[in-house]
Structure formats: structure tokens, C-alpha cells
Amino acid sequence: MAYTIEHANNVMLGAGLKFSALATVLNQNSTDFYFPEGYWCNMVTPGDGCINATAGGVTVSLTTYASDYYVHIRDGYIVPYQNAFDSMARTTADLSNQLTDLHINPSCNSSVCSAVGVLYNDDGVIVDTNGNSN
């Protein structure tokens, strides 16, 4: 059975982060997802490996049971990540007391690897963050 690629299943969160899930169809165990050009690595389950999307992008079939979702980071980016569910955080102030993981997927040429990202950290309490952030 052939499935079409739904744009709603492919959500870009900026240029370096992609969320993929199927939440509108039951009894479908795999779904085709589009990946723009880049080297995309799974942040949630890194052991799943990476997807090398060549020029023009590629379509990849991934498992999509009811609880499956994917967050991929593109090469050349650094993404801060906190698992608010596991830490039981209820506010951003609670999150400021938790560890932050940095997921790094460098872009490499023959001699240099590099990645960029921004982490804006405030205390979660003060409304005026001007001068009150890291």
C-alpha cells in the first residue's frame, strides 16, 4: 500500500531540528517522512542511527505506532535538551535546576568540524530578563 507524505507529519523547528510523528491515522505501522538535505541524527534514540539526505532531500520510511515520534538534529547544529517529563518539572524555574544536555551534530569537511547553537537561560521567575540571563 502506498502512502503519501503529509506535511503535517514533518515539522521543522528552526533550521536544525525536525519533529516527525503520525497522529492522525490508526493501524499504520510505518510512515514516509521527508528529510531536507543534511545529515540528520535521532536525538531521542541516538542508537537508531542517522539519515544522510542528499541534495534535494530524501523520503525515509519510519515506524509509526501510536507512541512513536522522532526528533532529528541536522549536521552543523547544537541543540540544548531537557527532559521535563522525567525531571517532573512543572515550571521553567524547576527546569533551571535540572541538567541540560547538549546534542551536537557537527558538520565536517576534510579537516574541520563545527556546529552552532544558542542556549538562552533565565531563572524562570523574573519577568524582565534584560541583564538577568546567561
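Annotations for the structure displayed:
- Multiplying the residue separation of ASP86 and ILE126 by 0.36 nm and subtracting their alpha-carbon distance yields 11.9 nm.
- Put in order of Cβ neighbour count within 10 Å, fewest first, the listed residues HIS103, HIS72 become HIS103, HIS72.
- Ratio of the Cα radius of gyration of the range 1-127 to 2.2 N^0.38 Å, where N counts its residues: 1.20
- The listed peptides 58-69, 35-46, ordered by packing as a protection proxy, come out as 35-46, 58-69 (highest mean of other Cβ atoms within 10 Å first).
- 3J(HN,Hα) along the range 77-91: 10, 10, 10, x, 9, 10, 8, 5, 5, 5, 7, 6, 5, 10, 9 Hz, from the Karplus curve 6.51 cos²θ - 1.76 cosθ + 1.60 with θ = phi - 60°, whole Hz, x for Gly and Pro.
Computed from the coordinates by the stated procedures, all read-outs in this text should not be read as laboratory data. Just so it is clear, the model here is predicted, and its values are computed rather than measured. Glycine also receives a Cβ, built like all others from the backbone with ideal geometry; neighbour counts cover every protein chain displayed.
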